[in-house]
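For reference, the structure is listed below as structure tokens.
The values are calculated or read from the model by the stated rules, or taken from the named source; none is laboratory data. Quick caveat: nothing in here was measured; it's all calculated off a predicted structure. Using ideal geometry, Cβ is built from the backbone for each residue, glycine included, and neighbour counts are taken over all protein chains shown.
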Amino acid sequence: MFSTATKSGRLRVGGAAILALGLVCAVLFYAYQLHRQPDDDLDALLPRYERDMRHDIAVQQGTLGLILMEWQETLAQPGAKALMIAGVAALFAGGFFRAAWVIDNDDR
């Protein structure tokens, strides 16, 4: 089957496979992380510690430090990590699709 396919066709199949595999990996990672997370969150156990930490960062680094800390907390969530996995797979697959498109345009 692959021996009769054109080079651009093989690239498209490879891109689709990478995209599908990346999405499956993202879903499996997300499901695994949801079941793995402990019920007790450190912030819920120590609310004063979080408040003091945020105050210290605001004093030392200003508003930008607080924004970066919030981004770090957001990106550490399982959903954000799964989206990053899917995004990297989509970018990589997009490279395959782009290469196939360039090959097809060169043949014209």
Do we find that A82 is modelled with pLDDT of 90 or more and touching a Ser or Thr at 6+ places or on another chain (Cβ under 6 Å) in this structure?
no
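State which residue is farthest from H35 (Cα to Cα) when the search covers only the stretch 62-108 and only residues that are of a type in the set (V, I, T) and touching a Gly at 6+ places or on another chain (Cβ under 8 Å).
Only one residue tops the list, namely V88.
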Just the residues that are surrounded by 11 or more Cβ atoms within 10 Å (Cβ to Cβ) and either among the hydrophobic types (A, V, I, L, M, F, W, C) or within 18 Å of the chain's Cα centre (by Cα) (or both), please, taken from the stretch 65-77.
L66, I67, L68, M69, E70, W71, E73, L75, Q77
Kindly indicate the residue of the stretch 18-41 that is in a helix (DSSP H, G or I) and exposed (fewer than 10 other Cβ atoms within 10 Å of the Cβ) and also modelled with the lowest pLDDT among those meeting that condition.
R36
Among the residues of the stretch 49-64, count how many are modelled with pLDDT of 90 or more and surrounded by 14 or more Cβ atoms within 10 Å (Cβ to Cβ).
0
